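K.L.:
Below is one structure. I have some questions about it.
The values are calculated or read from the model by the stated rules, or taken from the named source; none is laboratory data. All values reported here derive from a predicted model rather than from experimental measurement. With ideal geometry, Cβ positions are generated from the backbone for all residues, glycine too; neighbour counts draw on all protein chains shown.
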Amino acid sequence: MIEVELQIVGSLLRAVAEEMGAALVRSAFSANIKERRDCSTAIFDEQGRMIAQAEHIPVHLGAMPDAVAAVMAHGPGRDDIWIVNDPYTGGTHLPDITLVSRTEIGFAVTRAHHADVGGREPGSMPADSRTLEEEGVVIPPTRLDDATLASIVAQMRNPDERRGDLRAQLAAHHLAEQRIAELCARRGRGRVVAAMEELLAYSERRMRAGIAALPDGRYEATDVLEAADRDLDVCAAVTIAGDLVDVDFDGTAPQHEGNLNCPLSVARSACYFVVRALVDPDLPASGGAFAPVTVRAPEGCLLNARRPAAVAAGNVETSSRIVDVVMRAFGRALDVPAQGQGTMNNVTLGNDRFTYYETIGGGQGACPDADGPSGVHVAMSNTLSTPVEALELQYPLRVRRYELRLGSGGNGAHRGGDGVVRELEVLQPCRFSIISERRRHAPQGERGGGPGARGRNLHNGKPLPGKAILDLEAGDVVSIETPGGGGSGR
């Protein structure tokens with residue numbers, strides 16, 4: 001196949017994934033998908049390899065192949081649509097619900113973070129969960145039909161909103177089936193399949209060439225997660241050998257009785273993100289790009305947890321720390337940015353009438369030749385902030401302050417980006433949960449740059465720990481001051 005045609009078909013496949021994402025966002029009911037765009041879409045081949053993705057959420061996309069593999073084990077039929085959120089069978093954490101359907105040349109996949117999936121706390125992101133079942137409805141790979149959909153949403157709060165978001169995902173799948181059929185009719189199924197094989201090989205060649213240009217060696221780094229009662233070690237050893245990268249997390253703390261645990265698929269996602277960002281950020285991501293990267297973690301450790309360990313924070317906070325520690329290990333061999341905020345600042349508010357979830361941006365670390373950006377969602381999160389107007393229109397909440405946290409970025413020849421201040425007043429009684437990191441340990445600078453400011457959580461002006469859950473009354477105010485990024489250079 002000539003290169004021009006390969007590029008055309010590759011662009012068309014990526015366009016299908018992008019159009020799926022646009023359809024999902026436009027059709028969704030909840031602000032978390034409609035406004036924040038906390039969702040991802042991708043196209044896979046018959047063997048379950050990712051061919052094309054929309055540039056959505058890194059932690060979603062790197063873990064999707066495990067969800068497809070879990071569905072493929074059940075022999076899905078041509079017209080079937082399957083649903084799964086079980087973190088130990090292809091999921092990430094329970095609010096991320098994945099749909100998988102067949103197309104003429106493989107599979108279409110959507111993953112979206114739903115604002116509630118049941119469990120003991122509104123929003124299904126309890127700061128203090130200890131088992132998976134406390135966090136919500138666990139869905140193993142299941143064939144989805146109307147009766148199954150009705151049964152699932154009946155176990156969740158605001159079932160009409162949940163049903164609307166799932167139907168938005170279904171609409172994206174119907175669109176993918178139609179667009180793939182049109183592409184095969186126009187280009188020929190055989191040529192499209194051949195192009196998919198070549199796209200995988202092309203991505204792998206480029207990634208191997210980029211890795212081969214790095215200095216061989218073994219590079220180590222450690223960092224910590226801030227559990228409520230103690231710090232938990234995250235240890236990474238990155239080995240570069242020729243055109244291969246191996247990331248080994250031996251020495252990482254055992255799985256925790258809280259919810260900072262994650263399945264190995266989440267650890268893989270974080271490592272894939274780092275390698276791609278450092279080696280070839282313009283490379284169209286596909287399964288081929290991940291082939292030269294091996295990720296290992298001892299079974300039963302924090303990054304390869306065993307059922308029924310809770311995982312609500314693992315997908316959001318632990319994945320962020322994996323990025324920090326793997327990036328720092330690579331920094332022993334090449335220039336890397338200083339640490340960014342290293343947290344997603346997960347805020348959940350809700351009762352029996354509404355559930356609201358958001359992550360909050362912060363400062364990114366400075367690069368060797370540029371200041372870090374301020375007030376952005378970084379690393380494993382690629383979402384937007386909920387617009388103030390949309391939030392206040394849809395929920396009994398008022399935004400009292402939303403501004404940059406000036407001066408929170410680390411000092412250096414290039415300054416780290418500033419965090420933000422997000423202050424919310426609740427207008428009716430509800431539950432509040434915060435899952436955040438970098439409240440005890442600041443994001444570190446590089447090459448002599450200073451650390452960014454630590455984050456801070458407040459309830460009516462009084463400090464809260466990094467992980468907290470409490471009842472709020474009408475008029476109560478919660479303030480989230482997010483960390484700044486580290487500086488770079490003296």
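K.L.:
Applying the selection to segment 339-372, what residues are within 21 Å of residue 320 (Cα to Cα), hydroxyl-bearing (Ser, Thr, Tyr) and touching a Pro at 6+ places or on another chain (Cβ under 9 Å)?
P.N.:
343, 348, 357
K.L.:
Return the residue satisfying two criteria in turn: it lies in segment 433-482 and is part of a loop (DSSP other than H, G, I, E, B) and among the charged types (D, E, K, R), and of such residues it is surrounded by the fewest Cβ atoms within 10 Å (Cβ to Cβ).
P.N.:
473
K.L.:
Taking segment 133-158 as the region of interest, how many residues are of a type outside the set (Ser, Thr, Tyr), part of a helix (DSSP H, G or I) and farther than 17 Å from residue 27 by Cβ? Explain how you work it out, then say what you get.
P.N.:
Kept after step one, since they are of a type outside the set (Ser, Thr, Tyr), are these residues of segment 133-158: 133-141, 143-147, 149-150, 152-158.
Now restrict to residues that are part of a helix (DSSP H, G or I): 133-135, 146-147, 149-150, 152-153.
Checking which are farther than 17 Å from residue 27 by Cβ leaves us with 133-135, 146-147, 150, 152.
Going through segment 133-158 one residue at a time, the tally reaches 7.
K.L.:
Something else now. On the basis of being modelled with pLDDT of 95 or more, touching a strand residue (DSSP E or B) at 6+ places or on another chain (Cβ under 6 Å) and either more than 30 Å from residue 303 (Cβ to Cβ) or assigned to a strand (DSSP E or B) (or both), does residue 398 make the cut?
P.N.:
Values: modelled with pLDDT of 95 or more: yes; touching a strand residue (DSSP E or B) at 6+ places or on another chain (Cβ under 6 Å): yes; either more than 30 Å from residue 303 (Cβ to Cβ) or assigned to a strand (DSSP E or B) (or both): yes.
Yes, satisfied.
K.L.:
I've got another one for you. Taking the options 152, 180, name whichever one is surrounded by 21 or more Cβ atoms within 10 Å (Cβ to Cβ), assigned by TED's automatic domain parsing to the domain that holds residue 19 and more than 21 Å from residue 16 (Cβ to Cβ).
P.N.:
On the way: 180 fails: more than 21 Å from residue 16 (Cβ to Cβ).
Sole residue among the options that is surrounded by 21 or more Cβ atoms within 10 Å (Cβ to Cβ), assigned by TED's automatic domain parsing to the domain that holds residue 19 and more than 21 Å from residue 16 (Cβ to Cβ): 152.
K.L.:
Which one is nearest to residue 102 (Cα to Cα) among residues in segment 68-92 that are touching a Pro at 6+ places or on another chain (Cβ under 8 Å) and in a helix (DSSP H, G or I)?
P.N.:
Among them, the one singled out is 71.
K.L.:
Of everything in segment 155-165, what is crowded, with 20+ Cβ neighbours inside 10 Å and over 21 Å from the mean Cα position of the chain (by Cα)? Give them in sequence order. Give the derivation first.
P.N.:
Of the residues in segment 155-165, the ones crowded, with 20+ Cβ neighbours inside 10 Å are 156-158, 161-162, 165.
Selection gives 156, 157, 158, 161.
K.L.:
Is it true that some residue in segment 320-329 is in contact (Cβ under 8 Å) with a residue 60 or more places away in the chain, part of a loop (DSSP other than H, G, I, E, B), in contact with a strand residue (DSSP E or B) (Cβ under 6 Å, 6 or more places away or on another chain) and surrounded by fewer than 24 Cβ atoms within 10 Å (Cβ to Cβ)?
P.N.:
No - not one qualifying residue is present in segment 320-329.
K.L.:
Let me ask something else about it. Of everything in segment 111-146 that's of a type in the set (Lys, Arg) and more than 18 Å from the chain's Cα centre (by Cα), which residue is nearest to residue 172 (Cα to Cα)?
P.N.:
143
K.L.:
Here is a list of conditions, (1) touching a Ser or Thr at 6+ places or on another chain (Cβ under 6 Å); (2) surrounded by fewer than 20 Cβ atoms within 10 Å (Cβ to Cβ), and residue 168 meets all of them except one; can you say which number that is?
P.N.:
All conditions are met except number (2).
K.L.:
Another question, if that's okay. Name the residue that is farthest from residue 192 (Cα to Cα), counting only residues in segment 92-120 that are of a type in the set (D, E, K, R) and surrounded by fewer than 24 Cβ atoms within 10 Å (Cβ to Cβ). Reasoning before the result, please.
P.N.:
First, the residues of segment 92-120 that are of a type in the set (D, E, K, R): 96, 102, 104, 111, 116, 120.
In the following step, the residues that additionally are surrounded by fewer than 24 Cβ atoms within 10 Å (Cβ to Cβ) were identified as 102, 104, 120.
On the way: 102: 16, 104: 10, 120: 47 Å.
This residue is 120.
K.L.:
In addition: Could you grab me the full set of residues in segment 178-206 that are among the aliphatic types (A, V, I, L, M) and touching a residue at least 60 places away in the same chain (Cβ under 8 Å)? Steps first, please.
P.N.:
So in segment 178-206, the residues among the aliphatic types (A, V, I, L, M) come out as 180-181, 183, 185, 192-196, 199-201.
180, 181, 183, 192, 193, 194, 195, 196, 199, 200, 201, listed by residue number.
K.L.:
Out of everything in segment 210-235 that is part of a helix (DSSP H, G or I) and in contact (Cβ under 8 Å) with a residue 60 or more places away in the chain, what residue ends up being nearest to residue 9 (Cα to Cα)?
P.N.:
Taking segment 210-235 and keeping what is part of a helix (DSSP H, G or I), we get 210-212.
Next cut, in contact (Cβ under 8 Å) with a residue 60 or more places away in the chain only: 210-211.
Numbers: 210: 24, 211: 26 Å.
In this case the residue turns out to be 210.
K.L.:
Okay, next question. Quick check: is even one residue across segment 239-262 on the phi > 0 side of the Ramachandran plot and either outside any loop (DSSP other than H, G, I, E, B) or surrounded by fewer than 24 Cβ atoms within 10 Å (Cβ to Cβ) (or both)? Working first, answer last.
P.N.:
Pass one, segment 239-262, residues on the phi > 0 side of the Ramachandran plot: 242, 251.
Next, from what is left, pick out any that are either outside any loop (DSSP other than H, G, I, E, B) or surrounded by fewer than 24 Cβ atoms within 10 Å (Cβ to Cβ) (or both): 242, 251.
Checked against the condition, which is being on the phi > 0 side of the Ramachandran plot and either outside any loop (DSSP other than H, G, I, E, B) or surrounded by fewer than 24 Cβ atoms within 10 Å (Cβ to Cβ) (or both), segment 239-262 yields at least one hit.
K.L.:
Can I ask one more? If the requirement is being surrounded by fewer than 24 Cβ atoms within 10 Å (Cβ to Cβ), part of a loop (DSSP other than H, G, I, E, B) and in contact (Cβ under 8 Å) with a residue 40 or more places away in the chain, which of these qualifies: 10, 21, 48?
P.N.:
Being surrounded by fewer than 24 Cβ atoms within 10 Å (Cβ to Cβ), part of a loop (DSSP other than H, G, I, E, B) and in contact (Cβ under 8 Å) with a residue 40 or more places away in the chain holds for just one of 10, 21, 48, which is 48.
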